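Peer 1: Could you have a look at this structure, given as structure tokens, before my questions?
Nothing in this text is a laboratory measurement; each read-out follows from the coordinates by a stated rule. Being a predicted model, the structure only gives us computed values, none of them experimental. Here Cβ is always computed from backbone atoms with ideal geometry, including for glycine, and neighbour counts include all displayed protein chains.
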Amino acid sequence: MKIRAAVLEEFGAPLVVQEVDLAEPRDGEVLVRLAACGVCHTDLYTASGADPSGYAPTVLGHEGAGVVERVGDGVDSVAPGDHVVTLFSPQCRECVHCRDPRTNLCLAIREQQNRGYLPDGTTRLSRDGEQIRHFMGASTFAEYTVMPEIALAKVHPDAPLDRACLFACGLSTGLGAALNTARVEPGTTCVVFGAGMVGLGAVAGCRLSGAERIVCVDLSKDRLELARGQGATDVLVGGPETVDRVLELTGGFGADYTFEATGNVAVMRQAVESARMGWGLATICGVAGKGETLDVVPRYLITGRRVAGSSFGGVKGRDGVPQLVERWLAGEIDVEPFVSHTLTLDEVGRGFELMEQQAGIRSVIRFDS
Ligand SMILES: NC(=O)c1ccc[n+]([C@@H]2O[C@H](COP(=O)([O-])OP(=O)(O)OC[C@H]3O[C@@H](n4cnc5c(N)ncnc54)[C@H](O)[C@@H]3O)[C@@H](O)[C@H]2O)c1
Ligand SMILES: [Zn+2]
Ligand SMILES: [Zn+2]
């Protein structure tokens with residue numbers, strides 16, 4: 001079928017919205033009609049050429065939500081009409097990692113997905129017979145996409161899809177970092193570094209866990225206001241003195257849990273040093289630049305601080321995303337403040353500009369407008 005999609009033709013150049021061919025879903029694959037898609041830093045990072053593992057041409061986008069249109073042979077967990085959120089982090093339920101509660105890093109299709117192919121090593125996207133690769137196994141800057149069944153989370157049909165798409169990436173990452181990776185306990189003190197989509201999700205996750213005190217650190221006062229709306233009890237403008245400020249706020253000890261959601265390795269270090277001696281846990285969510293390393297003075301670890309990392313918030317997507325969506329529908333999570341702009345597919349470049357200007361938290365592309 002012919003679909004309209006935003007294609008990365010050349011690194012550093014604007015995406016080109018155009019008609020491309022999408023083939024029918026094969027075994028284990030699903031054709032999804034997209035309703036909405038968030039614009040995320042990872043799309044921009046790849047489009048800029050900064051990501052050394054990036055490739056072109058490809059259809060970008062990975063924060064999608066839509067409706068199942070058709071399924072290939074052997075697909076039994078979703079059916080036409082089901083509402084789904086796309087998962088760049090799939091869940092096959094069979095590999096050694098899927099069967100272990102300690103991780104969400106499914107091994108089933110990693111290699112092909114990283115290279116831009118569907119699990120059988122081919123693409124469904126093409127143009128004039130030339131293949132176009134899939135991005136993060138999703139390619140959701142498009143009217144339709146074909147994805148593996150194991151990379152789709154079936155969500156409650158009442159969930160508005162132009163908000164549900166946020167659960168495809170940053171929001172679930174932040175919520176999950178608190179709920180799954182750190183497993184924040186009630187009555188504790190938490191510090192969240194960064195108040196973008198991921199950090200605000202972590203603030204909400206700490207609140208849902210019953211944390212007594214939630215300190216959010218960011219450079220932007222507007223974003224710190226949003227953090228208050230998600231449950232932050234204290235806010236700090238970040239800087240070189242942040243660790244000292246956190247220690248002052250916590251009786252000299254530091255926090256039970258800290259979260260880093262900036263991608264800056266100096267802030268990651270602050271997150272480690274702001275964690276409490278004895279048991280403080282620092283959870284790193286940010287993606288650092290290639291070759292950058294995290295400096296930790298070993299004494300911090302010997303005296304009982306721990307460091308964890310979290311990919312997609314440790315959320316096993318097909319099980320976990322529908323549960324998070326249910327909590328949103330039940331009124332426990334306030335998603336509305338995260339969506340600052342609604343765009344058409346043709347305006348995808350504007351979505352990148354807004355992100356670079358830090359205007360709002362998320363722009364959402366709607367395909368039905
Ligand atoms: N682990 C995962 O699975 C996963 C998933 C999505 C995103 N990420 C990563 O998480 C990070 C955050 O993503 P986002 O979408 O929220 O990004 P974002 O750019 O919207 O938010 C980052 C925030 O950090 C703040 N910040 C920058 N320097 C700071 C400092 N010195 N002190 C305090 N705050 C500072 C910025 O003001 C900004 O509000 C990125 O590195 C992103 O790549 C990771
Ligand atoms: Zn993303
Ligand atoms: Zn798996």
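Peer 1: Out of residues 5 or more away from Glu9 or on other chains, whose amide H comes under 5 Å of its own, with H placed 1.01 Å from N in the peptide plane?
Peer 2: Val16
Peer 1: Taking K and R as +1 and D and E as -1, what net charge do the other residues with C-beta under 14 Å from the C-beta of Gly49 add up to?
Peer 2: Taking every Cβ under 14 Å from that of Gly49, the sum is -3.
Peer 1: Viscosity 1.306 mPa s, temperature 10 °C: Stokes-Einstein D of the stretch 257-298 from its Kirkwood Cα radius, in µm² per second?
Peer 2: In µm²/s, the coefficient rounds to 153.
Peer 1: Further question on the same structure: Grab the other residues whose beta carbon is less than 12 angstrom from that of Asp73, score K and R as +1, D and E as -1, and report the net.
Peer 2: The answer is -3.
Peer 1: Remind me, relative contact order of the stretch 1-118 in percent, using alpha carbon pairs under 8 angstrom and six or more residues apart?
Peer 2: Answer for the stretch 1-118 is 22 percent.
Peer 1: Suppose every Lys and Arg Cβ carries +1 and every Asp and Glu Cβ carries -1, with no other charges. What dipole size does the stretch 206-265 come out with about its Cα centre, to the nearest 20 debye?
Peer 2: So the dipole magnitude of the stretch 206-265 works out to roughly 180 debye.
Peer 1: Still on this structure, please answer the following. Compute, for the stretch 1-154, the length of the dipole vector about the Cα centre, with Cβ point charges of +1 (Lys, Arg) and -1 (Asp, Glu) only. Units Debye, rounded to 20.
Peer 2: In total the dipole reaches around 300 debye.
Peer 1: Considering Cα pairs under 8 angstrom that are at least six residues apart, work out the relative contact order of the chain and quote it in whole percent.
Peer 2: 18
Peer 1: Where does helix 221-230 land angle-wise versus the long Cα axis of the chain, in degrees 0 to 90, nearest 10?
Peer 2: Here the helix axis deviates by roughly 90 degrees.
Peer 1: On to the next question. How are the Cα pair distances of the stretch 102-213 distributed, in percent, across 10 Å bins from 0?
Peer 2: 12, 32, 31, 18, 6, 1
Peer 1: For the stretch 189-267, evaluate the Debye formula with one uniform point scatterer on each Cα (no solvent term) and list log10 I(q)/I(0) at q = 0.23 Å⁻¹, rounded to two decimals.
Peer 2: Each listed q maps to, in turn, -1.02.
Peer 1: Let me ask something else. With +1 assigned to the C-beta of every Lys and Arg and -1 to the C-beta of every Asp and Glu, and no other charges, what is the dipole magnitude of the stretch 179-241 about the Cα centre in debye, to the nearest 20?
Peer 2: In total the dipole reaches around 140 debye.
Peer 1: Right, another one. If amide hydrogens are placed 1.01 Å from N in the peptide plane, which non-local residues have theirs closer than 5 Å to the one on Ile214?
Peer 2: Cys190, Thr233, Asp234
Peer 1: Which net charge results for the neighbourhood of Glu143, defined as the other residues with beta-carbon distances under 9 angstrom from its beta-carbon, given Lys and Arg at +1 and Asp and Glu at -1?
Peer 2: The answer is +2.
Peer 1: Continuing with this model, one more query. Compute the long axis of helix 197-208 from its Cα atoms, compare it with the longest principal axis of the Cα atoms of the chain, and write down the angle in degrees, 0 to 90, nearest 10.
Peer 2: The two axes meet at around 60 degrees.
Peer 1: Which whole-number percentage describes the relative contact order of the stretch 229-369, with Cα contacts under 8 Å and a sequence gap of 6 or more?
Peer 2: This gives 16 percent for the stretch 229-369.
Peer 1: How would you order 222-231, 279-288 from highest to lowest mean count of nearby Cβ atoms within 10 Å?
Peer 2: My ranking of the peptides, most packed first, is 279-288, 222-231.
Peer 1: In the stretch 1-135, how does Rg compare with the Kirkwood Rh, expressed as the Rg/Rh ratio over alpha carbon atoms?
Peer 2: Rg/Rh for the stretch 1-135 comes to 0.96.
Peer 1: Also: The chain: Rg/Rh from Cα coordinates, Kirkwood Rh?
Peer 2: Using only Cα positions, Rg/Rh for the chain is 0.97.
Peer 1: Toward the positive end of the charge dipole of the stretch 157-300, about the Cα centre and with charges on Cβ (Lys, Arg +1; Asp, Glu -1), which of Asn180, Val198, Pro160 goes farthest?
Peer 2: Final value for the positive-end residue is Asn180.
Peer 1: Can you give me the C-alpha center-to-center distance between the stretch 138-175 and the stretch 260-292, rounded to a whole angstrom?
Peer 2: Value for the Cα centre distance between the two parts: 28 Å.
Peer 1: Further question on the same structure: Any chance you could run the full-extension gain for Glu24 through Glu356? It's 0.36 nm times the residue separation minus the Cα-Cα distance, nm to one decimal.
Peer 2: Full extension of this stretch gives 115.9 nm more.
Peer 1: Scan around Thr283 for amide H atoms under 5 Å from its own, H built in the peptide plane at 1.01 Å from N, and keep only partners 5 or more places away or cross-chain.
Peer 2: HN-HN under 5 Å from Thr283: Thr258, Phe259, Glu260, Ala308.
Peer 1: Picking from Ala288, Val272, Leu249, whose Cα lies most toward the positive end of the charge dipole for the stretch 170-298 (charges on Cβ: Lys, Arg +1; Asp, Glu -1)?
Peer 2: Projecting each Cα onto the dipole axis, the largest value belongs to Ala288.
Peer 1: For the stretch 88-155, state which trypsin sites (Lys or Arg not before Pro) are in a DSSP loop and have at most 15 other beta carbons lying within 10 Å of their beta carbon.
Peer 2: Within the stretch 88-155, the qualifying trypsin sites (Lys or Arg not before Pro) (loop, at most 15 other Cβ atoms within 10 Å) are Arg93, Arg99, Arg102.
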